[in-house]
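Read through the structure below, which is laid out as structure tokens, and then see the notes.
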Amino acid sequence: MSYVLEAEGVVVRFGGVRALDGVGLRLAAGEVCGLIGPNGAGKTTLFDVVSGIRRPDAGRVLFDGADITRRSPVWRARHGMRRTFQRQQLFGQLTVADNLLVAQEWRRGGQDPGRRGELLAACGLDALAGSYAGTLPVGRARMVELARAAADRPRVLLLDEPASGMTAGERERLAAVVRRLAEEDGCAVLLVEHNVAFVMEVCSRVVVLDLGSVLAEGTPGGIRADERVREAYLGTQTPAQGSHT
């Protein structure tokens with residue numbers, strides 16, 4: 001199988017601490033892969049390396065088989081990699097529709113209104129197209145971020161805590177949009193998410209990080225049954241927390 005995105009032997013050090021210790025990950029076109037693990041496991045650090053925000057101390061990142069470890073985030077974005085962040089990063093003084101237009105402007109002069117309309121409808125935002133993005137509640141704002149990230153038909157989409165702050169209905173819509181991007185556009189999606197139930201529902205493969213290393217990798221069912229994962233992460237959930245830790 002050929003992979004759109006690969007991380008090989010990635011090491012990141014913060015002083016004497018190895019935040020990532022030889023991490024490897026592969027992502028194929030049309031695949032939705034979840035990245036889970038306890039707080040401090042290295043999930044966001046790995047996202048920073050893959051997206052070009054942080055250069056690893058060792059290892060490399062490949063895009064279509066080419067080494068892009070030293071390429072900038074802008075270069076990666078221009079070649080089809082998009083990312084959302086834990087903290088919302090909207091253009092709050094622009095309308096919802098204009099947030100999507102900005103994402104298309106650099107390449108096609110914004111001349112893909114059909115795509116914008118499809119995404120606004122799919123994300124449940126069509127009635128809010130003229131609203132200022134900064135006025136939206138958290139769940140809607142995250143949907144705007146997703147629509148903006150997908151507006152230019154990315155090849156790789158990195159979603160960092162996309163379901164945070166969403167209602168159950170919004171999470172259902174989010175899952176549907178993510179599946180659609182993978183199945184219809186062939187987009188490779190990698191998501192970090194603490195809502196384990198959401199990950200198990202939307203992802204075909206799950207990678208578990210713990211203490212900077214890959215603890216386990218497999219199907220959602222296999223991960224749920226893995227005793228190492230239960231001890232390190234899933235077993236720490238209380239009944240009150242359910243799948244949201």
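The values are calculated or read from the model by the stated rules, or taken from the named source; none is laboratory data. Please read these numbers as outputs of a predicted model, since none were measured by experiment. As a convention, Cβ positions derive from the backbone with ideal geometry for all residues, glycine included, and neighbour counts pool all protein chains shown. Protein only, heavy atoms only, side chains kept; ligands, DNA and RNA dropped before computing areas. Shrake-Rupley method; radii C 1.70, N 1.55, O 1.52, S 1.80 Å.
Here are a few things to note about the model shown:
- Segment 1-79 holds strands (runs of 3 or more DSSP E) entirely within its bounds, and those carrying 1 or more residues that are among the aromatic types (Phe, Trp, Tyr) and modelled with pLDDT under 95 map to 5-14.
Results for (1) open to solvent by 60 Å² or more (accessible area, probe 1.4 Å); (2) modelled with pLDDT under 95; (3) in a strand (DSSP E or B), shown as yes or no for each residue.
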position	(1), (2), (3)
GLN86	yes, yes, no
VAL102	yes, yes, no
GLY114	no, yes, no
ALA127	yes, no, no
MET143	no, no, no
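- Hits in segment 147-171 - residues which are of a type in the set (D, E, K, R), within 17 Å of MET200 (Cα to Cα), touching a strand residue (DSSP E or B) at 6+ places or on another chain (Cβ under 8 Å) and open to solvent by 10 Å² or more (accessible area, probe 1.4 Å): GLU161
- Some residue of segment 82-89 being at positive phi and either in contact with a Phe, Trp or Tyr (Cβ under 8 Å, 6 or more places away or on another chain) or touching a residue at least 24 places away in the same chain (Cβ under 8 Å) (or both): no
- Of the residues making up segment 178-200, those that are within 16 Å of GLY30 (Cα to Cα) and either at pLDDT below 95 or of a type in the set (D, E, K, R) (or both) number 5.
- Tally, over segment 124-170, of residues that are within 19 Å of VAL196 (Cα to Cα) and without any contact (Cβ under 8 Å) to a residue 12 or more places away in the chain: 2
- Conditions (1) modelled with pLDDT of 95 or more; (2) within 19 Å of the chain's Cα centre (by Cα); number of the one not met by SER164: (1)
- Test: residue in segment 22-39 that is without any contact (Cβ under 8 Å) to a residue 12 or more places away in the chain, over 20 Å from GLY218 (Cα atoms) and either open to solvent by 40 Å² or more (accessible area, probe 1.4 Å) or in contact with a strand residue (DSSP E or B) (Cβ under 8 Å, 6 or more places away or on another chain) (or both): yes
To keep it simple, each residue is scored yes or no on (1) in contact with a Leu (Cβ under 7 Å, 6 or more places away or on another chain); (2) under 27 Å from GLY117 (Cα atoms).
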| position | (1), (2) |
| --- | --- |
| MET143 | yes, yes |
| LEU157 | yes, yes |
| MET166 | yes, yes |
| GLU172 | no, yes |
| LEU191 | yes, yes |
| GLU217 | no, no |
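- Residue that is nearest to PRO154 (Cα to Cα), among those in segment 172-227 that are open to solvent by 10 Å² or more (accessible area, probe 1.4 Å) and assigned to a strand (DSSP E or B): ARG205
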